[in-house]
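Structure first, then comments.
The values are calculated or read from the model by the stated rules, or taken from the named source; none is laboratory data. Fair warning: this is a prediction, and the values are worked out from it, not measured in the lab. All Cβ positions, even for glycine, are placed from backbone atoms using ideal geometry, and neighbour counts span all protein chains on display.
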Ligand code: GDP
Ligand code: MN
């Protein structure tokens, strides 16, 4: 789970990394008052869990509280890479002398962390990394040894950052370990004209496996940006929205993952991942189908169930139940196999819905669903 910039800023502050004075606002009027309290001149920043806000027009200087109100009105509601801005942060502007990039990220393949730093931070860091990879320094960090003041100084030196950045680099590491983060990124970490080192932006990704002991962010960080994911989460469904056209529902993460692959192999794109889990009830199936069908991108739905603990007749009952509440307007391809498959198929045959088709194999079902999605696209 990612934190918003203003939340990352709070953590930076707590660990002694300097940040500009700032406040958040949910409305333009609040932004005006906040700007007033901050001294008038402020940077207005969209709070969305995606990067590139500056380039998208989501980071703007306002010279007085009235301008801050206007700017906030413009930025609030803005769409940045599919994320709607619902909050802005107003920060005291900093006179920048130099912008650096600094992060620690988990390198899963190598089983360790990487310190990544560059003296060429700022909005063009991706381009720098692509065109001048030598300008971005990567140093492996042994998780058992961590980042000592000596290591932090070595990272700064290797990346061409001034030695005054070393304390911030060490504190960022403390944040990574103590806050159970998988990624801590500051871009830009700046040297102000006063010589002070400040974090002007922050991205922190927390490890979801540590949620049980990182209760501080409560539901705020758990907030789903996607409304369908939010609905699914509220119903306790294991749902991830993707951007294809074939809705996929299955039991067991492994089966659903392979179903996504098979759909892709048939030339279509999966619209979602939805694992109804083991021992799924008719209600879970009905909830799942409702969520998947609510996605306007979905053209066909593929239900792939291998009955084990979950019996196929319960799944079929769930589908029939869902058909009572959801008006099916898109083809539904169902493949039931395993525990009580024959009974499950018989239930669906008896329901005889014109848009529900059955297939006996996973490949056959995926091919059918993919073909129907493509046909539907032609309509
Ligand atoms: P991002 O585009 O989502 O990464 O948003 P950032 O918070 O990193 O802001 C983008 C850019 O705006 C930064 O790289 C800075 O160049 C600039 N910026 C942000 N805050 C300030 C500030 O206080 N003073 C100045 N001069 N520039 C700022
Ligand atoms: Mn940034």
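Restricting attention to the range 105-124 and to residues that are farther than 19 Å from residue 172 by Cα and touching a residue at least 12 places away in the same chain (Cβ under 8 Å), the residue that is surrounded by the most Cβ atoms within 10 Å (Cβ to Cβ) turns out to be 123. It is to be established whether one or more residues within the range 170-183 are under 23 Å from the mean Cα position of the chain (by Cα), more than 16 Å from ligand 1 (Cβ to nearest atom) and at positive phi. Taking every residue of the range 170-183 in turn, at least one turns out to be under 23 Å from the mean Cα position of the chain (by Cα), more than 16 Å from ligand 1 (Cβ to nearest atom) and at positive phi. Screening residue 139 with (1) over 27 Å from the mean Cα position of the chain (by Cα); (2) over 23 Å from residue 96 (Cα atoms) gives one miss only, at (1). In this structure, does residue 139 turn out to be assigned to a strand (DSSP E or B), touching a strand residue (DSSP E or B) at 6+ places or on another chain (Cβ under 7 Å) and under 18 Å from residue 51 (Cβ atoms)? The answer is no for residue 139. Among all residues of the range 251-260, there is at least one that is at pLDDT below 95, closer than 30 Å to residue 322 by Cβ and surrounded by 18 or more Cβ atoms within 10 Å (Cβ to Cβ).
For the structure I just gave you, tell me whether residue 44 is in contact with a helix residue (DSSP H, G or I) (Cβ under 6 Å, 6 or more places away or on another chain) and either assigned to a loop (DSSP other than H, G, I, E, B) or within 16 Å of ligand 2 (Cβ to nearest atom) (or both). Criteria met by residue 44. Scanning the range 59-104 for residues that are assigned to a loop (DSSP other than H, G, I, E, B) and either buried (at least 22 other Cβ atoms within 10 Å of the Cβ) or away from ligand 2 (no atom under 14 Å from the Cβ) (or both) yields a total of 12.
Counting only strands (runs of 3 or more DSSP E) that sit wholly inside the range 162-260, those with at least 1 residues that are within 16 Å of ligand 2 (Cβ to nearest atom) are 181-192, 197-199, 203-206. Pairs are defined by a Cβ separation below 7 Å, a sequence spacing of at least 6 or placement on different chains, a first member in the range 190-213 that is in contact (Cβ under 8 Å) with a residue 40 or more places away in the chain and at negative phi, and a second member that is part of a helix (DSSP H, G or I) and exposed (fewer than 15 other Cβ atoms within 10 Å of the Cβ); the pairs so defined are 197/164.
Quick one: in the range 83-112, which of the residues that are modelled with pLDDT of 95 or more and under 30 Å from residue 145 (Cβ atoms) is nearest to ligand 1 (Cβ to nearest atom)? For the range 83-112, the residue satisfying everything is 99. Number of residues in the range 269-301 that are crowded, with 24+ Cβ neighbours inside 10 Å and more than 17 Å from residue 232 (Cβ to Cβ) equals 1.
You will find that of 39, 52, 57, the residue that is within 13 Å of ligand 1 (Cβ to nearest atom), touching a residue at least 12 places away in the same chain (Cβ under 8 Å) and closer than 22 Å to residue 191 by Cβ is 39 and no other. When residues in the range 22-41 are screened for being surrounded by fewer than 21 Cβ atoms within 10 Å (Cβ to Cβ), within 27 Å of the chain's Cα centre (by Cα) and not in a strand (DSSP E or B), 3 of them pass.
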